[in-house]
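Trainee: Below you will find the structure I want to go over with you.
Please treat every number below as a calculation from the coordinates, not as lab data. As the structure is a computational prediction, the values presented were derived from the model and not from experiment. Glycine gets a Cβ as well: all are built from the backbone with ideal geometry, and neighbour counts include every protein chain shown.
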Amino acid sequence: MSLFIPADDGKGNVRAIASPKTHEVQHLSLDIARLALGQSHAGGTEGRELCIVILGGQLDVTAGDETFEGIGQRANVFGGAATAVYVPPGTSYQIRGSGEVGAEAALCYAASEDGADVTLIEPADVVARDVGAGNWRRSVQDVLAKVPARTLLLGETYNAPGNWSSYPPHKHDEDKPGQEVILEEIYHFRANPPGGFGVQCLYTEDQSLNEAMLVRDGDTVIIPRGYHPVAAAPGYEIYYLWFLAGPRRTMRPFDDPAHAWVKATEAMLK
């Protein structure tokens with residue numbers, strides 16, 4: 001089963017991108033909703049946490065007893081920090097396109113038995129930091145930094161043209177106390193300008209997995225295991241929405257020992 005999912009044709013209100021029923025994931029699911037003004041989509045989280053990330057435009061969101069109207073402050077993912085809504089398991093929700101043209105949103109699910117309260121996440125709540133140095137410097141924005149979710153970790157990464165991210169290459173597919181935890185992950189990509197591309201590498205130490213995928217605007221990659229660095233082609237900014245889940249909600253990636261030395265040079269380059 002392919003770990004690469006190409007962009008769709010843009011038709012239809014909601015597209016199911018990946019789930020345990022269709023791809024090599026146990027905990028995660030991703031849908032992309034495109035709702036014109038007045039169009040709506042309703043669902044329920046059942047045994048899953050959900051983060052509704054507005055990629056662009058504005059939404060009205062009702063989740064449980066909470067309603068948030070006209071939320072969303074960016075035209076697209078390159079227009080600033082995200083607005084999102086966290087929804088716990090066992091909660092019904094509805095999203096509706098609002099504003100002038102409606103919205104596009106990512107519906108990011110993680111299997112969970114419980115979670116936090118329904119929470120509106122505004123751009124000021126997103127924790128942004130620059131990571132790396134030199135041509136592996138990138139902006140990482142933690143969308144769920146202030147939400148005590150049970151299993152879901154989620155954020156956005158921006159690669160400047162020609163730069164790398166998820167670098168030095170890291171993985172999170174083994175349970176090594178104090179060094180690494182098991183987390184599967186999904187990346188959803190956008191390019192600026194939209195005709196651009198990046199490269200997603202995915203490999204294991206034994207080379208049983210050894211792939212380099214050209215990723216374009218709207219593509220998705222499943223990361224069940226292995227090291228997974230990303231490069232942006234010169235002239236094009238690459239963005240990806242990332243989210244993870246596993247047995248424990250702990251971010252503890254393990255750097256490829258062959259390339260971990262690169263981190264020691266960061267202080268000199270900054």
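Trainee: Using only alpha carbons, build the gyration tensor for the stretch 12-269 and give me the equivalent ellipsoid semi-axes, biggest first, whole Å.
Mentor: The equivalent ellipsoid of the stretch 12-269 has semi-axes of 29, 21, 16 Å.
Trainee: Springs between alpha-carbon atoms under 10 Å, Gaussian network over the chain: tell me which of Gly132, Gly80, Gly44 tops the mean-square fluctuations.
Mentor: Highest fluctuation of the listed residues: Gly80.
Trainee: Can you compute the helix-only [θ] at 222 nm over the chain? Use -39500 (n - 2.57) per DSSP H run of at least 4 residues, normalise by all residues, nearest 500 deg cm²/dmol.
Mentor: 0 deg cm²/dmol
Trainee: What spacing in nm lies between the two simple spin-label points modelled at Phe78 and Thr265, each 7 Å away from Cα in the Cβ direction?
Mentor: Taking the simple label geometry, Phe78 and Thr265 are separated by 2.8 nm.
Trainee: Straight-line reach from Lys21: which lysines have Cα under 25 Å away, leaving out those fewer than 8 places along the same chain?
Mentor: In chain and number order, the partners are Lys11, Lys171.
Trainee: With springs connecting C-alpha atoms under 10 Å apart, model the chain as a Gaussian network and identify which of Gly218, Gly97, Gly38 has the largest mean-square fluctuation.
Mentor: Gly38
Trainee: Next up: Given the stretch 35-156 reduced to its alpha-carbon atoms as identical point scatterers, what log10 I(q)/I(0) does the Debye formula return at q = 0.12, 0.16, 0.18 Å⁻¹?
Mentor: For the stretch 35-156, the Cα-only Debye profile gives -0.42, -0.73, -0.89.
Trainee: If you don't mind, there's one more thing I want to ask. For Lys270, give me every one of the aspartates and glutamates with a C-alpha distance below 13 angstrom, ignoring sequence neighbours fewer than eight places off in its own chain.
Mentor: Asp130
Trainee: When the Cα atoms of the stretch 104-211 are enclosed in a convex hull and the volume is divided per residue, what value in Å³ results?
Mentor: So the per-residue hull volume is 165 Å³.
Trainee: Report the full-extension gain for the segment Ala124 to Glu69: residue separation times 0.36 nm, less the Cα-Cα distance, to one decimal in nm.
Mentor: The Ala124-Glu69 span can extend by a further 18.0 nm.
Trainee: Give the cross-link partners of Lys176 among the aspartates and glutamates, using a straight C-alpha distance below 13 Å as the criterion and excluding same-chain residues fewer than 8 apart.
Mentor: Asp255
Trainee: A further question on this structure: Alpha carbon centre of the stretch 23-57 versus the stretch 95-159: separation in Å?
Mentor: A separation of 13 Å, based on Cα centres.
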